[in-house]
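Taking it in order: structure first as structure tokens, then the write-up.
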Amino acid sequence: MTAWTDYVKEFAKKHNTTYGCALSMPECSAGYKAMKGVKPKKAPKIKAMKASEMMPKPKSRKPLSASQTATLRKLKASMLGKGLHEDSGSDDGLVGGLL
């Protein structure tokens, strides 16, 4: 057996628990490290962030090509011809806001 497993077995006996439970107890590990003289690891430094750094940057859109613009104008015209009006309150985000 290793020193670690022997220590965990003794810890489990002393604290009236199982070996598996003793393994998951932070005080078991801390006690072994203290016994061995191992210094605990320092917590990593966390850099303070500005609110603007936390928010994802918006993706910029490429400008529409001439053919795309023409297609959208035709679509808008056909929608208006079918009785769908711009001021109908149903902004689907496709045509009304682009042209």
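Every number in this text was worked out from the coordinates using simple rules, so none of it is lab data. Everything numeric here is computed off the predicted structure, so don't read it as measured data. Neighbour counts are summed over all protein chains in view; Cβ atoms, including those assigned to glycine, are modelled from backbone coordinates with ideal geometry.
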Label-point separation, Ser24 to Arg73 (7 Å along Cα→Cβ), nm: 6.9 nm
Neighbour net charge for Lys33 - beta-carbon separation under 13 angstrom, K R +1, D E -1: +2
Partner lysines for Lys82 [C-alpha distance under 26 Å; skip if fewer than 8 residues away on the same chain]: Lys74
